[in-house]
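Beneath this line is the structure, given in structure tokens, with notes to follow.
The values are calculated or read from the model by the stated rules, or taken from the named source; none is laboratory data. All figures in this text were calculated on a predicted structure; none of them were measured in a lab. Cβ placement follows ideal geometry from the backbone for every residue including glycine, while neighbour counts extend to all protein chains displayed.
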């Protein structure tokens, strides 16, 4: 039988509790390393955020046509001109004919990477074919890859389910890329939502819209 009285008390205490102490020291060291790594990581993230300028999506504002004005260019001087028909739905029907109101945005995009595009007309017609609103009645210029947008708000039900936009665009020569023109419809009611795209269709001939 061993005689524990031969050893100092501190030695005996360490033999009894030493393993626990070592485990606690190891856990503390790991926690310290983890905390420092978190701090360094956060500092790096903060430094990255400072260099990145985040811009939240802007609310829609009607385009200022003066900023798009085609200076020193007349529509008559642009030999290439086409008319595009874009279906618009200010509402659709569901549940046996109940109207589901929609908001629509018309997007006119210059897809040419080198040449400007000119838009002469953006007219909005209702289901009966009557002119409801003239969004553009002057020649404007879209720079390469530039886009202009026009909003039909949800509460504007003048167009109806068979409304449409007539867009007339012009260019200096036939090598200019045709624009991409489409409408996006969005609707929400309670927890339900719907969205769909409506592409434009080039009409035969080059006649100006009525």
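To keep it simple, each residue is scored yes or no on (1) over 24 Å from residue 114 (Cα atoms); (2) in a strand (DSSP E or B); (3) in contact with a strand residue (DSSP E or B) (Cβ under 6 Å, 6 or more places away or on another chain).
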{"position": "134", "(1), (2), (3)": "yes, yes, yes"}
{"position": "145", "(1), (2), (3)": "no, no, no"}
{"position": "148", "(1), (2), (3)": "no, yes, yes"}
{"position": "159", "(1), (2), (3)": "yes, no, yes"}
{"position": "166", "(1), (2), (3)": "yes, yes, yes"}
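Scanning region 122-129 turns up one or more residues that are surrounded by 16 or more Cβ atoms within 10 Å (Cβ to Cβ) and farther than 21 Å from residue 65 by Cβ. With the structure loaded, tell me whether residue 194 is in contact with a strand residue (DSSP E or B) (Cβ under 9 Å, 6 or more places away or on another chain), at pLDDT below 95, over 22 Å from residue 69 (Cα atoms) and surrounded by 13 or more Cβ atoms within 10 Å (Cβ to Cβ) or whether it fails that test. Judged against the criteria, residue 194 is a match. Just one residue in the set 183, 193 is closer than 21 Å to residue 93 by Cα, part of a strand (DSSP E or B) and without any contact (Cβ under 8 Å) to a residue 24 or more places away in the chain; that residue is 193. Considering only region 104-125, I want to know if a residue exists there that is touching a residue at least 60 places away in the same chain (Cβ under 8 Å), in the same structural domain as residue 176 (by TED's automatic domain parsing), in a loop (DSSP other than H, G, I, E, B) and under 16 Å from residue 151 (Cβ atoms). Scanning region 104-125 turns up no residue that is touching a residue at least 60 places away in the same chain (Cβ under 8 Å), in the same structural domain as residue 176 (by TED's automatic domain parsing), in a loop (DSSP other than H, G, I, E, B) and under 16 Å from residue 151 (Cβ atoms).
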